[in-house]
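Visitor: Here it is: the structure, laid out below.
The values are calculated or read from the model by the stated rules, or taken from the named source; none is laboratory data. All figures in this text were calculated on a predicted structure; none of them were measured in a lab. Here the Cβ positions follow ideal geometry from the backbone for every residue, glycine too, while neighbour counts run over all protein chains shown. What goes into the accessible areas is simple: the full protein's heavy atoms, side chains included, and nothing from ligands, DNA or RNA. Shrake-Rupley method; radii C 1.70, N 1.55, O 1.52, S 1.80 Å.
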Amino acid sequence: MASLFKYLHITFIGTVFTFGYNLVSAMFRGMGDSKHPLMFVAIAASVNLVLDREVDVSRGCVLVASALAGGGEAAGGGLLPVSDRVTATLLWMDDARLETGKNFFVKLGTRQIPGIVTRIHYAVDANSGAHRAAADLAKNEIASVDLSFTEPIVTDSFSRTRSLGELILIDRISNATAACGVVTEVAACGETF
């Protein structure tokens with residue numbers, strides 16, 4: 001809630017300057033002077049272009065308000081982690097068995113990046129929910145696995161941020177969806193956003 005008040009405070013201060021400029025410009029124009037308001041706009045636009053930082057955003061980028069990045073009011077009360085490793089619960093849907101070391105395209109949140117299954121922790125018995133040791137997975141089996149990515153990305157556990165915690169594994173050769181799942185844990189990478 002404190003971040004909201006900070007945002008509103010800054011917005012209202014900016015509103016005073018916006019209305020002040022328009023009032024002074026209207027007075028100049030009312031007196032028949034259109035040159036000074038035009039020069040003021042040209043100077044303000046030039047200063048804005050020089051001082052405003054460039055933001056390069058493309059599909060798949062994650063934007064976070066600065067209040068959320070520092071204030072910790074994101075879903076779950078913390079910062080968004082950046083990592084190249086996660087633990088996920090997967091539903092294996094491919095006819096071929098899943099073995100550790102297999103490469104995939106991982107579509108996680110809004111990004112699609114190369115990744116690899118580095119470890120299968122356990123498979124889940126669909127009838128009892130019991131965990132059992134597994135070296136590989138057959139079609140329609142559920143398991144907890146470790147995934148490693150080629151680069152760090154902004155991700156989060158599904159329980160905290162649904163859109164950053166859902167994933168699918170795409171076979172790199174056939175381009176077919178091999179598995180779907182959710183991130184259960186994000187490995188510490190030393191970075192947060």
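Visitor: Which of the residues that make up region 162-191 are within 14 Å of ASP84 (Cβ to Cβ) and open to solvent by 40 Å² or more (accessible area, probe 1.4 Å)?
Guide: Residues satisfying the conditions are GLU185, ALA188, CYS189, GLY190, GLU191.
Visitor: Could you list, ordered by first residue, the pairs with Cβ atoms under 6 Å in which the first is in region 113-141 and under 16 Å from ALA88 (Cα atoms) and the second is among the aliphatic types (A, V, I, L, M) and part of a loop (DSSP other than H, G, I, E, B), at least 6 apart or interchain?
Guide: So the pair list comes out as ILE120/ALA134; ALA123/ALA134.
Yes or no, residue by residue, for (1) open to solvent by 30 Å² or more (accessible area, probe 1.4 Å); (2) among the aliphatic types (A, V, I, L, M):
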residue: LEU79; (1), (2): yes, yes
residue: GLU99; (1), (2): yes, no
residue: SER128; (1), (2): yes, no
residue: LEU137; (1), (2): no, yes
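Visitor: Of the numbered conditions (1) touching a helix residue (DSSP H, G or I) at 6+ places or on another chain (Cβ under 6 Å); (2) open to solvent by 80 Å² or more (accessible area, probe 1.4 Å); (3) hydroxyl-bearing (Ser, Thr, Tyr), SER159 satisfies every one except a single condition; which is it?
Guide: For SER159, the exception is condition (1).
Residues are listed down the side, and each one gets a yes or a no for (1) touching a strand residue (DSSP E or B) at 6+ places or on another chain (Cβ under 7 Å); (2) modelled with pLDDT of 95 or more; (3) hydrophobic (A, V, I, L, M, F, W, C):
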| residue | (1), (2), (3) |
| --- | --- |
| LYS102 | yes, no, no |
| ILE116 | yes, yes, yes |
| ALA130 | no, no, yes |
| GLU151 | yes, no, no |
| SER163 | no, no, no |
| ARG172 | yes, no, no |
| ALA178 | yes, yes, yes |
| GLY181 | yes, yes, no |
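Visitor: Which numbered condition trips up TRP92, out of (1) among the aromatic types (Phe, Trp, Tyr); (2) within 28 Å of SER3 (Cβ to Cβ); (3) over 23 Å from the mean Cα position of the chain (by Cα)?
Guide: (2)
Visitor: Does region 141-156 contain at least one residue that is outside any strand (DSSP E or B), over 20 Å from the mean Cα position of the chain (by Cα), farther than 21 Å from LEU80 by Cα and not hydrophobic (A, V, I, L, M, F, W, C)?
Guide: First pass over region 141-156, keeping only residues outside any strand (DSSP E or B): 141, 155-156.
Now narrow it down to the ones that are over 20 Å from the mean Cα position of the chain (by Cα): 141.
Going one step further and asking which of them are farther than 21 Å from LEU80 by Cα, we end up with 141.
Those left that are additionally not hydrophobic (A, V, I, L, M, F, W, C): 141.
Yes, the conditions are met somewhere in region 141-156.
Visitor: So which residues in region 1-23 are more than 36 Å from the chain's Cα centre (by Cα) and in contact (Cβ under 8 Å) with a residue 12 or more places away in the chain?
Guide: Passing the criteria: only TYR21.
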